[in-house]
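Note sheet for the following structure.
The values are calculated or read from the model by the stated rules, or taken from the named source; none is laboratory data. Model, not experiment: these values are computed from the prediction. Positions of Cβ are backbone-derived with ideal geometry, glycine not excepted, and every protein chain shown enters the neighbour counts. Quick note on the areas: whole protein, heavy atoms, side chains included, nothing else; ligands and nucleic acids left out. Shrake-Rupley method; radii C 1.70, N 1.55, O 1.52, S 1.80 Å.
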Amino acid sequence: MPLKSRRFQKKWRDSIPTIVFSVICLALWQIIVSYFKLPLWLIPSPIAVLKAFWNTRELLWTHTLTTLFETTTGFVLSIALGLVAGVAMVLSPLIKRLFYPLLIVSQTVPLIAVAPLLILWLGYGLLPKIVTVVLVCFFPIAVSLIEGLEVSDDDLLNLLKSMGATRWQILYMIRWPNALPSFFAGLKIAATYSVMGAVIGEWLGASSGLGVYLTRSSHSFRTDQVFAAIVAITVLSLFYFVLIAVIRRLALPWLHTKED
């Protein structure tokens with residue numbers, strides 16, 4: 001049997017327990033709601049959620065496109081800023097001493113407290129939502145990159161230094177390849193947070209987006225639509241996570257060969 005077929009079968013077998021457990025949970029959810037005749041506004045059944053998802057699919061898709069644009073733009077910007085900040089802090093100890101503590105302190109400020117200020121300063125358009133996504137994603141990307149760039153083989157670093165290599169040559173030949181696994185780990189974390197950042201920004205003020213759909217559905221006591229929006233947010237977050245995982249596999253094939 002080809003190696004790829006064996007890997008696919010192994011991954012499929014590994015995912016069976018998760019699939020079975022998820023199906024059992026959904027079945028129990030449906031049975032409990034139907035047996036106790038729980039009202040729709042309190043907790044809908046999985047079938048009711050699917051119906052709401054289908055009945056509002058066009059409206060939900062419109063809101064999803066807005067969140068998708070905000071998330072993608074903010075995520076790409078956070079990657080660019082994370083790369084610049086990470087490389088700058090590794091190459092310059094002074095820059096790291098100045099900005100790294102501020103980077104840590106910035107994570108102690110609740111996002112829900114910063115988002116209203118962004119709307120106040122930047123208005124109700126797409127920009128404050130994009131900035132919110134950047135604030136959410138920048139920290140894990142930058143920190144993971146810094147940690148990966150700094151954890152390199154000292155013998156290799158000393159060897160290149162003794163051969164007269166510049167800091168940029170050392171970065172390109174030693175630090176950067178060594179930092180890639182850590183960097184992609186940070187990207188995966190940021191990917192799962194990115195949609196949440198956009199939705200939080202939409203909650204506080206927007207005319208379109210999954211956060212707006214959630215708010216309107218909640219105010220209308222359409223709990224089934226709230227769950228449908230949660231499903232859309234979850235799928236969107238998984239999309240970004242899987243996308244990063246695929247890019248990681250293409251960029252670091254030797255790591256996946258060892259894992260398989």
- Note on the structure: Between [x] 20.5; [y] 15.2; [z] 18.5, the structure-derived mean projected area of the Cα convex hull in nm² is [z]
- Item | Kirkwood-Stokes translational diffusion coefficient of region 129-181, alpha-carbon pairs, 25 °C, 0.890 mPa s, µm²/s | 199 µm²/s
- Ranked from highest to lowest mean number of other Cβ atoms within 10 Å per residue, what is the order of the peptides 190-197, 35-42, 178-185, 47-54? 190-197, 178-185, 47-54, 35-42
- Query: Quick one: accessible area per residue over the chain, 1.4 Å probe, rounded to a whole number of Å²?
  - Reply: 60 Å²
- Task: Only helices at least 27 Å long along their axis, Cα-based, and averaging -0.5 or more on Kyte-Doolittle count here, so list those DSSP H runs from the chain.
- Result: 3-36, 57-91, 127-150, 176-204, 223-251
- Query: Residue separation times 0.36 nm, minus the C-alpha to C-alpha distance between Tyr124 and Glu58: what's the value?
  - Reply: 21.4 nm
- Among rounded, prolate and oblate, which fits region 71-111 when a ≥ b ≥ c are the square roots of the eigenvalues of its C-alpha gyration tensor, a/c under 1.5 means rounded, and a/b larger than b/c means prolate? oblate
- Counting only protein heavy atoms with a 1.4 Å probe and every protein chain in place, the carbon and sulfur fraction of the accessible surface of the chain in whole percent equals 73 percent
- Helix-only CD estimate at 222 nm, as mean residue ellipticity for the chain, using -39500 (n - 2.57) per DSSP H run (n ≥ 4): -28500 deg cm²/dmol
- Rounded if a/c is under 1.5, else prolate if a/b beats b/c, else oblate: with a ≥ b ≥ c from the C-alpha gyration tensor eigenvalues square-rooted, which is region 197-238? oblate
